[in-house]
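The structure appears right after this line, and notes come after that.
Please treat every number below as a calculation from the coordinates, not as lab data. Here the structure is a predicted model, which means the values were calculated and not measured. Quick reminder, even Gly has a Cβ in these numbers, built from the backbone with ideal geometry, and neighbours come from all protein chains shown.
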DNA sequence: GTGAAAGCGCTAACAC
DNA sequence: GTGTTAGCGCTTTCAC
């Protein structure tokens, strides 16, 4: 059986309060006493029982992260970023996956999210305005990640879906392409990632005076490589001419890339291709993939920050906050080099402004980083 | 403030024991009483305080998973598999990353691993026989994953590193290649993944009568795409002729692939390439990547199973178990089609035996799956 | 500086 | 079938 405070206090010949004082770095303990206690702790290999501590303190120092699925590279990298940010604040992270299914998303949110954690980071996927109440009812402190969906119920750190997607589309338009495919749409969706990114795509087309054509929008329910490949194949079968592909995330783009190459298209010469997320793999595909860096690390950092504030507050006094994290356009080999007329690299305010961010100005055709 | 058993019992006009009985599905509760209690629970939106429950019961129903890093696709997929297996048994998973640094691996193992969890799954990376005691001393039930390193201190679910790597090397040898590069070695290492996979590579060469040549073994400290690219570039600079690459994991292979293609090599015509892990990306690279499927899902399932057994047992009565999970050779486009003389698809016993697994017999040049 | 004691919310042994 | 109660290991108030 594990040692308790009592065991330690008995061995050290002090009361449990003194042991507790030593453990919690209470300064007013005589040094000789402290040494005796520390020796006893070492001897018994004592570790505090965290269940007892959290029962008493009301804190677990664990937060949960609710995401669709870890095997999606974007979420794995997000989880990694969240865990680093959490660790810096002494928090552990309990990850819950809910898959791509609305019912299971609701069920995880309702039944598992608040279990023995101080707070929740929730990367919304399938819920929308109609679920506003479900979200609002969660009593554990919670911060939403990624989408900009719910008007107000909770703190919210969003990526700039519309602006990022618009910038991506503008990049291929700036390269002179006019027949631009969009891959990954969710028909009917307005405020999810797919809806927002489609909106950005349409904005860019409109701004460039290119007519929108329904046939150039290919749906994909989930956003895995297989879906990108399938969508690309489906479009090729229509026989329509095209010269660029805007994929709503990188894995879709990489799946599409494979099919394009099989079919004999050269990227970027025949078809320009751009993704969204800036996952590690995009640095090493052949060709490397142009993409939008949504600011994953900053999303994670600010979300943890916000969550910690919520946890530390007694009640829901402050209004929910909404933070939009800046994005960057990352120009790599899969889009033809463009040196002007591209949206700037930072945030919505700069979209359409002059100048290029560091990564976009550099040599447009960079090899894999060393 | 959240409602407690007392609040519920007061509202329902029963004792807390009765409420507890209802919650824990104790059968001998009068139905009318049960209804009253359930109504009170719903009204107060009561959820049990899990800290209190686990203080009392000694169980948290959380296990931790210690891995190097989530952004490595293999570990993300492993974590996914572990979480699914855990969920089936009502367990949540708390993930801790320790990076690629030995000191932090030790620190995570010693300081964070047993915090408020019932058991630990630990994917060993940098520790070896010299750390046997550190491992043995962990008092929380623990199962080791992946490597076959520690002789005995704990239950252990391993992948077949030597046999898998041998089979991978045999696959390219069977295709007639003789100048076979190995990428990802850790000089001096014997019992880590790198050491074991190098051993398998050497076994295969020896069995085929190909002389081992130090110059064909390229080290790579970590196993990311960047390392594979760097290693490949370093080897190309030697100017040595070669016709095949055995990479010790898939990301190394994909990094190397990129460099090979930049340098104008055709894969598999000029250079055959095979990885290890069977991550999702290998289905969609151009060409698709031949690899070894180490049985990730089964490793996760059996490890969780073993861990639950350990948790349920009172003491360390049973001897530590060691389970070696079967692997499969997955032949895709990056190695030339081979229809005979390849190791069979299942496990060490079958290595070198006749016959081919389903995936290896199929059309050697398959496109991305639909 | 240190000790005694209450109580966090729950489970389970025992009583009725 | 249902109620009473002890106690899991900790933190913290209050005395001394």
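A few notes on this one:
- Panel order for B:83, B:286, A:142, by other beta carbons found within 10 Å of each beta carbon, from fewest to most: B:286, B:83, A:142.
- Mean residue ellipticity (222 nm) of chain B, computed from DSSP H runs ≥ 4 via -39,500 (n - 2.57), nearest 500: -12000 deg cm²/dmol
- Of all DSSP beta bridges confined to chain A, the antiparallel ones make up roughly 10%.
- Beta bridges by DSSP in the protein assembly as shown, antiparallel share as percent, to the nearest 5: 10
- Relative contact order, percent, region A:5-48 [alpha-carbon distance under 8 Å, six or more residues apart]: 45
- Averaged over peptide A:114-126, the number of partner chain Cβ atoms lying within 10 Å of each residue's Cβ comes to 2.
- Per-copy distances of the residue B:263 label point, shortest first, in nm (7 angstrom along Cα→Cβ): 3.3
- Taking a ≥ b ≥ c as the square roots of the eigenvalues of the Cα gyration tensor, region B:161-293 is classed as rounded, since a/c falls below 1.5.
- Order of B:210, B:117, B:162 under a 10 Å beta carbon neighbour criterion, fewest first: B:210, B:162, B:117
- Prolate/oblate/rounded label for the protein assembly as shown (Cα gyration tensor, a/c 1.5): oblate
- A point 7 Å from Cα along Cα→Cβ stands in for residue B:43, and the other copies hold the same point at 5.5 nm, listed in rising order.
- Between the Cα long axis of helix B:225-238 and the first principal axis of chain B there is an angle of about 10°, rounded to the nearest 10.
- 0 to 90° range, to nearest 10: angle between helix A:73-88 axis and chain A longest Cα axis: 30
- Angle in degrees between helix B:31-44 and the longest Cα principal axis of chain B, rounded to the nearest 10: 70
- Take every pair of alpha-carbon atoms less than 8 Å apart whose residues are at least six positions apart; their mean separation over the length of chain B yields a relative contact order of 15 percent.
- Relative contact order computed over region B:161-293 (Cα-Cα under 8 Å; 6+ residues apart), in percent: 27
- Label-point spacing at residue A:208 relative to the other copies reads 4.8 nm, in ascending order, each point sitting 7 Å out from Cα along Cα→Cβ.
- For chain B, built as a Gaussian network whose Cα springs stay under 10 Å, the top-fluctuating residue of B:267, B:37, B:62: B:37
- Chain A comes nearest to the axis taking it onto chain B at the Cβ of one residue; that residue and its distance, in whole Å, are A:76, 2.
- In units of the compact-protein estimate 2.2 N^0.38 Å, region B:107-234 shows a Cα radius of gyration of 1.24.
- Shape of region B:181-242, Cα gyration tensor, a/c cut at 1.5: oblate
- Among A:193, B:32, a tally of other beta-carbon atoms within 10 Å of each Cβ gives an order, fewest to most, of B:32, A:193.
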